[in-house]
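Input: a single structure, listed below in structure tokens.
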Amino acid sequence: MPSRPQNAANSSANTRPLRLIIPMAVCMLLAACAAGPNGADHDHQYDSATTSHELTGTIVAIDADSKVWYVNHEEIPGYMDAMVMPFQVPDDQYWTEELSVGKTITGTIVVAGDDHRLEDIEIQND
């Protein structure tokens, strides 16, 4: 009859730490993947795919409650056809008495994934 190793009774106790380490390692790996590269939170971080383009357009509607301008912008060659787009404009410096539908604006549209924002806005005195 084959003999049992002397430590056979302790073998289940020896594997207990391994059974804890594997699930912990899997959880840490999943958390690291969810955080993204360099621990970046994708909702607040723009990545290397960010592009910017000069934009000229006319304000066609203003939603002051939501701080949104609807801008009918010209074609952006090689990137986008002319169209009306909404732009969130939270910066109070642009919400002046001179702001009105029909004003021409220039600025830079910055695009990162599905997000876009308008920067360096200049309201033209027509």
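The values are calculated or read from the model by the stated rules, or taken from the named source; none is laboratory data. Just so it is clear, the model here is predicted, and its values are computed rather than measured. Here the Cβ positions follow ideal geometry from the backbone for every residue, glycine too, while neighbour counts run over all protein chains shown.
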Practice problem: State whether one or more residues within the range 96-106 are at pLDDT 65 or above, hydrophobic (A, V, I, L, M, F, W, C), assigned to a strand (DSSP E or B) and under 22 Å from Q124 (Cα atoms). | Solution: yes
Quiz prompt | Meets criteria (exposed (fewer than 15 other Cβ atoms within 10 Å of the Cβ) and either in the same structural domain as I59 (by TED's automatic domain parsing) or of a type in the set (A, V, I, L, M, F, W, C) (or both)) for Y79 | solution = yes
Quiz prompt | Flag for D91 being surrounded by 11 or more Cβ atoms within 10 Å (Cβ to Cβ), modelled with pLDDT of 60 or more, over 18 Å from the mean Cα position of the chain (by Cα) and on the phi > 0 side of the Ramachandran plot | solution = no
Quiz item: How many residues are among the aliphatic types (A, V, I, L, M), touching a residue at least 24 places away in the same chain (Cβ under 8 Å) and closer than 25 Å to T50 by Cα when one looks only at the range 62-106?
Solution: 7
Quiz item: Does I109 qualify as being over 16 Å from T50 (Cβ atoms), aliphatic (A, V, I, L, M), free of Cβ contacts under 8 Å to residues at least 60 places away in the same chain and assigned to a strand (DSSP E or B)?
Solution: no
